[in-house]
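*Asks:* Could you have a look at this structure, given as structure tokens, before my questions?
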Amino acid sequence: SPVIVWLRRDLRLSDQPAIAEAASKGPIIPVYVLDDETPRHRVMGGASRWWLHHSLASLDATLREKGSRLILRRGKCEDVLPRLMEETGACEVHALRHYEPWWRNAEKAVAKKLTLCLHHGNYLAPPGSVTTGSGSPYKIFTPFWRALNERMPPPEPQRRPQAIAAPDRWPKSDDLDDWNLLPTRPDWTGGLRDTWEPGEEGAKKRLRAFKDEAARYEGQRNLPAVEGTSMLSPHLHFGEVSPAQVWHAVSSEGGTVSTFLGELGWRDYAQNVILQFPDYGTKSPRDNFDSFPWRSGKAAQQDLRAWQQGRTGYPIVDAGMRQLWHTGWMHNRVRMIAASFMIKHLLIDWREGEQWFWDTLVDADYASNAVNWQWTAGSGVDSNMFVRIMAPLSQSEKFDAAAYIREWVPELADLPDGEIHDPSPVCRPDAYPDRLIEHRAARERALAAWDKAKG
Ligand code: FAD
């Protein structure tokens, strides 16, 4: 009898232990279940849905080349999977383990109804397995990374199976287009299409291109005007490439790649945090943040809107927010500046920013997003301090963002390098908005709010 492979954020054929294991047992039925009920308020955002559509189409095409196909079903996983077992006479379900709290619950619910075999494969080491000498999980990144790194390299990636046996009869599948994952009116996805190729093949191309650049990563990764980072994040998020594949490809090049590998370590670390604090996306583990005097009301709403639209009057922040809107991605250095600006300059609750990123990033990831927002806010388990307030204008100069600003804020494109980071009122074009608040005033307001929160 056939074996079902339940796919989620692991949309690849190579180094995919659930597929490899199931395929070694006989015919397999790969299924993706669009389940908008289980994650509740964490349903995928717009940019993620765009990515998912194309990634599923790509996976189906690759499977068809191997005589297989992808079955699409919609509904609650714990209902859909048992039904599919019954229809097909399948004996068990294989899947990679996921760590978002809703997936952990769903895995438990599914396992009560059928034989569910869970495999490790989306992280360098199984989240929860890297522990201190006394067996407790790490809360802080640096010792976590030290311990994880001692266990590296990860096992050599497995090749994709040569052949995938098909069942005698295929069950019915939804039509991907009927899922309406793509926006229709207005279609805001042009910039996404120009930037990305979702799917395993697109991931391979990115990895191949980055391998040759990896030795320069250390020197370039903080410069938003340079394409110095891998841009693998959405591919890693959707599991179109495994971190073990990335690790081995990059390490094989020689040169110093330890900083880059440490970033992959942050990705693992974030999963370890949400395993310990499942509601990390909405809740700070620190008491001070329970009653923090965030701004609210009409003026705060208008400021939030201006931030989302890239109209804050701070060129580096606006460039980042427009890059995000256009491409579904933002450079990491600029993510930090833009997030810090929203939290500390505008004094808006970090959860508002987390939500906006959740909806607009193609790499929106529950763990990485929450960990980085809480890190920036100073509200997390391992985080920056709230009172460390980034100065966007000097950050912009320090990391040489002039060309980046010219690309994303065309109103400022004609300004010389000396003016573009912080245009003076005389040369500021009319089309470019005034600053929402001056840096010094914002700093004082943020520090006063912090004093209040401390009680
Ligand atoms: P590279 O620099 O090439 O790094 C390689 C990989 O390491 C990335 O693809 C990513 O998987 C991982 N990585 C790198 N930095 C981090 C980090 N700080 N935390 C966790 N993993 C990391 N990353 C996401 O994948 N999803 C998110 O939702 C997300 N939200 C963020 C929100 C804020 C406020 C900030 C400051 C950062 C966020 N990041 C998030 C982390 C980081 O910005 C992106 O992973 C990175 O910019 C992706 O680009 P890259 O693939 O070129 O990264």
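*Asks:* Could you check region 185-203 and list, in sequence order, the residues that are under 21 Å from the mean Cα position of the chain (by Cα) and outside any helix (DSSP H, G or I)? Walk me through how you get there before you give the answer.
*Replies:* Narrowing region 185-203 to residues under 21 Å from the mean Cα position of the chain (by Cα): 188-203.
188, 189, 196, 197, 198, 199, listed by residue number.
*Asks:* Find the residue count for region 181-200, including only residues that are of a type in the set (Ser, Thr, Tyr) and free of Cβ contacts under 8 Å to residues at least 40 places away in the same chain.
*Replies:* Adding up the residues that qualify gives 1.
*Asks:* Something else about it: Considering every residue within region 345-356, establish whether at least one is within 15 Å of the chain's Cα centre (by Cα), more than 8 Å from the ligand (Cβ to nearest atom) and not basic (Lys, Arg). Don't jump to the end; show me each part of the working.
*Replies:* Going residue by residue through region 345-356, those that are within 15 Å of the chain's Cα centre (by Cα) are 353-356.
So of that shortlist, the ones also more than 8 Å from the ligand (Cβ to nearest atom) come out as 355-356.
Narrowing the set further to residues that are not basic (Lys, Arg) leaves 355-356.
Checked against the condition, which is being within 15 Å of the chain's Cα centre (by Cα), more than 8 Å from the ligand (Cβ to nearest atom) and not basic (Lys, Arg), region 345-356 yields at least one hit.
*Asks:* Determine, yes or no, whether residue 378 is within 22 Å of the chain's Cα centre (by Cα), more than 11 Å from the ligand (Cβ to nearest atom) and surrounded by 22 or more Cβ atoms within 10 Å (Cβ to Cβ).
*Replies:* Numbers: within 22 Å of the chain's Cα centre (by Cα): yes; more than 11 Å from the ligand (Cβ to nearest atom): yes; surrounded by 22 or more Cβ atoms within 10 Å (Cβ to Cβ): yes.
Answer is yes for this residue.
*Asks:* When you scan region 314-323, do you find a residue that is more than 17 Å from residue 391 (Cα to Cα) and either within 13 Å of the ligand (Cβ to nearest atom) or touching a Pro at 6+ places or on another chain (Cβ under 6 Å) (or both), even just one? Talk me through it step by step, then tell me what you get.
*Replies:* Going residue by residue through region 314-323, those that are more than 17 Å from residue 391 (Cα to Cα) are 322-323.
Okay, now just the ones that are also either within 13 Å of the ligand (Cβ to nearest atom) or touching a Pro at 6+ places or on another chain (Cβ under 6 Å) (or both), so 323.
Within region 314-323, one or more residues are more than 17 Å from residue 391 (Cα to Cα) and either within 13 Å of the ligand (Cβ to nearest atom) or touching a Pro at 6+ places or on another chain (Cβ under 6 Å) (or both).
*Asks:* Quick test for you: out of 137, 143, 161, 154, pick the one residue that is surrounded by 13 or more Cβ atoms within 10 Å (Cβ to Cβ) and closer than 30 Å to residue 84 by Cβ.
*Replies:* On the way: 137 fails: closer than 30 Å to residue 84 by Cβ; 143 fails: closer than 30 Å to residue 84 by Cβ; 154 fails: closer than 30 Å to residue 84 by Cβ.
Answer to the check: 161.
*Asks:* Which condition number does residue 381 fail, the rest of (1) in a helix (DSSP H, G or I); (2) out of contact with any Gly (no Cβ under 6 Å at 6 or more places or on another chain) being met?
*Replies:* Of the numbered conditions (1) in a helix (DSSP H, G or I); (2) out of contact with any Gly (no Cβ under 6 Å at 6 or more places or on another chain), the odd one out for residue 381 is (1).
*Asks:* Determine, yes or no, whether residue 225 is at pLDDT 95 or above, hydrophobic (A, V, I, L, M, F, W, C) and within 16 Å of the ligand (Cβ to nearest atom).
*Replies:* Numbers: at pLDDT 95 or above: yes; hydrophobic (A, V, I, L, M, F, W, C): yes; within 16 Å of the ligand (Cβ to nearest atom): yes.
Yes, satisfied.
*Asks:* Out of all the residues in region 237-256, which are surrounded by 15 or more Cβ atoms within 10 Å (Cβ to Cβ) and over 17 Å from the mean Cα position of the chain (by Cα)? Break it down stepwise before answering.
*Replies:* Let us first name the residues in region 237-256 that are surrounded by 15 or more Cβ atoms within 10 Å (Cβ to Cβ), namely 237-251.
If the condition is that a residue be surrounded by 15 or more Cβ atoms within 10 Å (Cβ to Cβ) and over 17 Å from the mean Cα position of the chain (by Cα), then 244, 245, 247, 248, 249, 250, 251 are the ones that fit.
*Asks:* Of a type outside the set (Val, Ile, Thr) and outside any helix (DSSP H, G or I): does that describe residue 424?
*Replies:* Working: of a type outside the set (Val, Ile, Thr): yes; outside any helix (DSSP H, G or I): yes.
Yes; evaluated as a whole, the condition is true for this residue.
*Asks:* Let me ask another. Could you check residue 113 against (1) crowded, with 17+ Cβ neighbours inside 10 Å; (2) in contact with a Leu (Cβ under 8 Å, 6 or more places away or on another chain) and say which number it fails?
*Replies:* Of everything listed in (1) crowded, with 17+ Cβ neighbours inside 10 Å; (2) in contact with a Leu (Cβ under 8 Å, 6 or more places away or on another chain), residue 113 misses just condition (1).
*Asks:* Go through (1) on the phi > 0 side of the Ramachandran plot; (2) in a helix (DSSP H, G or I) for residue 313 and report which single condition fails.
*Replies:* (2)
*Asks:* Here's another thing I want to ask about it. Give me the helices (runs of 4 or more DSSP H) completely within region 204-292, filtered to those with at least 3 residues that are polar (S, T, N, Q), ordered by residue number.
*Replies:* On the way: elements: 217-220, 233-237, 243-251, 258-276.
Output list reads 258-276.
*Asks:* Which one of the conditions (1) over 30 Å from residue 251 (Cα atoms); (2) of a type in the set (Gly, Ala, Ser); (3) in contact with an Asp or Glu (Cβ under 9 Å, 6 or more places away or on another chain) does residue 134 fail to meet, given that it meets all the rest?
*Replies:* Among (1) over 30 Å from residue 251 (Cα atoms); (2) of a type in the set (Gly, Ala, Ser); (3) in contact with an Asp or Glu (Cβ under 9 Å, 6 or more places away or on another chain), residue 134 violates only (3).
*Asks:* Given 47, 22, which one is modelled with pLDDT of 95 or more and touching a helix residue (DSSP H, G or I) at 6+ places or on another chain (Cβ under 6 Å)?
*Replies:* Details: 22 fails: touching a helix residue (DSSP H, G or I) at 6+ places or on another chain (Cβ under 6 Å).
None of the others qualify; the one that does is 47.
*Asks:* Now for a different question. Here is a list: 415, 436. Which entry is surrounded by fewer than 20 Cβ atoms within 10 Å (Cβ to Cβ), hydrophobic (A, V, I, L, M, F, W, C), more than 16 Å from the ligand (Cβ to nearest atom) and in a loop (DSSP other than H, G, I, E, B)? Give the steps one after another, and end with the answer.
*Replies:* Details: 415 fails: surrounded by fewer than 20 Cβ atoms within 10 Å (Cβ to Cβ).
Being surrounded by fewer than 20 Cβ atoms within 10 Å (Cβ to Cβ), hydrophobic (A, V, I, L, M, F, W, C), more than 16 Å from the ligand (Cβ to nearest atom) and in a loop (DSSP other than H, G, I, E, B) holds for just one of 415, 436, which is 436.
*Asks:* So residue 1 ticks every box in (1) closer than 20 Å to residue 364 by Cα; (2) modelled with pLDDT under 95; (3) in contact with a Cys (Cβ under 7 Å, 6 or more places away or on another chain); (4) not aliphatic (A, V, I, L, M) but one. Which box is left unticked?
*Replies:* So the condition that residue 1 fails would be (1).
*Asks:* How many residues does region 196-236 contain that are surrounded by 21 or more Cβ atoms within 10 Å (Cβ to Cβ) and closer than 23 Å to residue 6 by Cα?
*Replies:* Final tally of qualifying residues: 7.
*Asks:* Here are the criteria: (1) in contact with a helix residue (DSSP H, G or I) (Cβ under 8 Å, 6 or more places away or on another chain); (2) of a type in the set (S, T, N, Q); (3) farther than 18 Å from residue 111 by Cα. Tell me which single one residue 38 does not satisfy.
*Replies:* Condition not satisfied by residue 38: (3).
*Asks:* Please state which of the following conditions residue 195 fails to meet, knowing it meets all the rest: (1) of a type in the set (S, T, N, Q); (2) within 10 Å of the ligand (Cβ to nearest atom); (3) under 29 Å from residue 44 (Cα atoms).
*Replies:* Single failed check for residue 195: (2).
*Asks:* I would also like to ask the following. Sort out which residues of region 331-360 are of a type in the set (Ser, Thr, Tyr) and over 24 Å from residue 400 (Cβ atoms), and write them in order of number. Working first, answer last.
*Replies:* Going residue by residue through region 331-360, those that are of a type in the set (Ser, Thr, Tyr) are 340, 360.
Of everything in region 331-360, just one residue is of a type in the set (Ser, Thr, Tyr) and over 24 Å from residue 400 (Cβ atoms), namely 360.
*Asks:* Next question, about the same structure. Restricting attention to region 164-181, report how many residues are part of a loop (DSSP other than H, G, I, E, B), loosely packed, with under 10 Cβ neighbours inside 10 Å and acidic (Asp, Glu).
*Replies:* Total satisfying the criteria: 2.
*Asks:* I've got another one for you. When region 293-310 is examined, which residues are found to be assigned to a helix (DSSP H, G or I), crowded, with 19+ Cβ neighbours inside 10 Å and within 16 Å of the ligand (Cβ to nearest atom)?
*Replies:* Of the residues in region 293-310, the ones assigned to a helix (DSSP H, G or I) are 298-309.
Narrowing the set further to residues that are crowded, with 19+ Cβ neighbours inside 10 Å leaves 303-304, 307.
304, 307 - these are the residues of region 293-310 that are assigned to a helix (DSSP H, G or I), crowded, with 19+ Cβ neighbours inside 10 Å and within 16 Å of the ligand (Cβ to nearest atom).
*Asks:* Identify the residue in region 357-369 that is in a helix (DSSP H, G or I) and closer than 15 Å to residue 336 by Cβ and, among all such residues, is farthest from the ligand (Cβ to nearest atom). Spell out how you get there, then give the answer.
*Replies:* Going residue by residue through region 357-369, those that are in a helix (DSSP H, G or I) are 357-360, 366-369.
Then keep just the ones that are closer than 15 Å to residue 336 by Cβ; that gives 357, 368-369.
Working: 357: 5, 368: 4, 369: 3 Å.
The residue in question is 357.
The values are calculated or read from the model by the stated rules, or taken from the named source; none is laboratory data. What you see is a predicted model; the values in this text were computed from it and never measured. Glycine also receives a Cβ, built like all others from the backbone with ideal geometry; neighbour counts cover every protein chain displayed.
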